[in-house]
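One structure is given here, and the rest of the page talks about it.
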Amino acid sequence: MSTPTYRYVALTDVGLRRSNNQDSGYASGRLLVIADGMGGAAAGDLASSATLAEIRKVDCEPDAATGDDALASLELAVHRANTRLGDLIEAEPAVEGMGTTLDALLWDGEKLAFAHIGDSRAYRLRESHLTQLSTDHTFVQSLVDEGRITAAEARVHPHRSLLLRAILGRDDFEPEFSWI
């Protein structure tokens, strides 16, 4: 039996409507992260970069509280990132409204710990088959989940980018954590 490994690809694009990219990303042999900032003038780029700075710490600094548990380490890092955004907003109220989505994968040598919030997406390519690992936390995805619209209708819905969950520096955020 061979030792499990993973290979990764990361891609970000400014898109057709914006002149700047508020994404922050990081990829190493152990950690993959994409944080897509939101808030335009309210500093989405700051939100994504501050979040990334906190999440990257799990790649090089083992936490005594979590030991070698990759999922617990990732959960703690995401909560620290949320706290960091709250601190930045408190120090500079002009950035109120900034936030970021997040997908982060932390390899423990056998499996991946996965953190997700928002509408950034993680996919797995295995044997030429692409599988979406995350579910969008958007208003339109909730309509699809309820059976009120189809996936095809969701792609062109006028509110397809309306997020229901993101890292905003508040106590009411609900990221998802799982093992892959």
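The values are calculated or read from the model by the stated rules, or taken from the named source; none is laboratory data. What you see is a predicted model, and the numbers here were worked out from it, not measured in a lab. Here Cβ is always computed from backbone atoms with ideal geometry, including for glycine, and neighbour counts include all displayed protein chains. The protein model used for the area step is the full one, side chains on, heavy atoms only, and it has no ligands, DNA or RNA in it. Shrake-Rupley method; radii C 1.70, N 1.55, O 1.52, S 1.80 Å.
In this structure, does Ala77 turn out to be touching a helix residue (DSSP H, G or I) at 6+ places or on another chain (Cβ under 9 Å) and either modelled with pLDDT of 95 or more or surrounded by fewer than 13 Cβ atoms within 10 Å (Cβ to Cβ) (or both)? It is true that Ala77 is touching a helix residue (DSSP H, G or I) at 6+ places or on another chain (Cβ under 9 Å) and either modelled with pLDDT of 95 or more or surrounded by fewer than 13 Cβ atoms within 10 Å (Cβ to Cβ) (or both). Can you work out which of the residues in the stretch 89-114 that are more than 24 Å from Asp59 (Cβ to Cβ) and outside any loop (DSSP other than H, G, I, E, B) is most open to solvent (accessible area, probe 1.4 Å)? Of everything passing the filter in the stretch 89-114, Glu90 is most open to solvent (accessible area, probe 1.4 Å). I need a count of the residues in the stretch 29-53 that are touching an Asp or Glu at 6+ places or on another chain (Cβ under 6 Å) and open to solvent by 20 Å² or more (accessible area, probe 1.4 Å). Result for the stretch 29-53: 3.
Taking the numbered list (1) of a type outside the set (Phe, Trp, Tyr); (2) buried (at least 19 other Cβ atoms within 10 Å of the Cβ); (3) touching a strand residue (DSSP E or B) at 6+ places or on another chain (Cβ under 6 Å) in turn, Arg56 passes all entries but (2). Looking only at the stretch 130-156, residues that are among the β-branched types (Val, Ile, Thr) and assigned to a strand (DSSP E or B) come to 2 in all.
Taking the stretch 115-128 as the range and being touching a Ser or Thr at 6+ places or on another chain (Cβ under 9 Å) and surrounded by fewer than 21 Cβ atoms within 10 Å (Cβ to Cβ) as the test, the residues that pass are Arg121, Ala122, Tyr123, Arg124, Leu125. The set of residues in the stretch 89-122 being in contact with a helix residue (DSSP H, G or I) (Cβ under 6 Å, 6 or more places away or on another chain) and more than 26 Å from Phe139 (Cβ to Cβ) consists of Leu106, Asp108, Ala113.
In this structure, Ser142 does not satisfy being polar (S, T, N, Q) and under 19 Å from Leu52 (Cα atoms). Across the stretch 140-170, the qualifying residues are those that are out of contact with any His (no Cβ under 9 Å at 6 or more places or on another chain) and in contact (Cβ under 8 Å) with a residue 40 or more places away in the chain, and the one among them that is least open to solvent (accessible area, probe 1.4 Å) is Ile167. So is Thr83 open to solvent by less than 20 Å² (accessible area, probe 1.4 Å), at pLDDT 95 or above and not basic (Lys, Arg) or not? No, not satisfied. Here Arg160 passes the criteria (1) modelled with pLDDT of 95 or more; (2) assigned to a loop (DSSP other than H, G, I, E, B) except the one numbered (1). Output the number of residues of the stretch 7-57 satisfying the condition of being at pLDDT below 90 and basic (Lys, Arg). Total meeting the criteria: 3.
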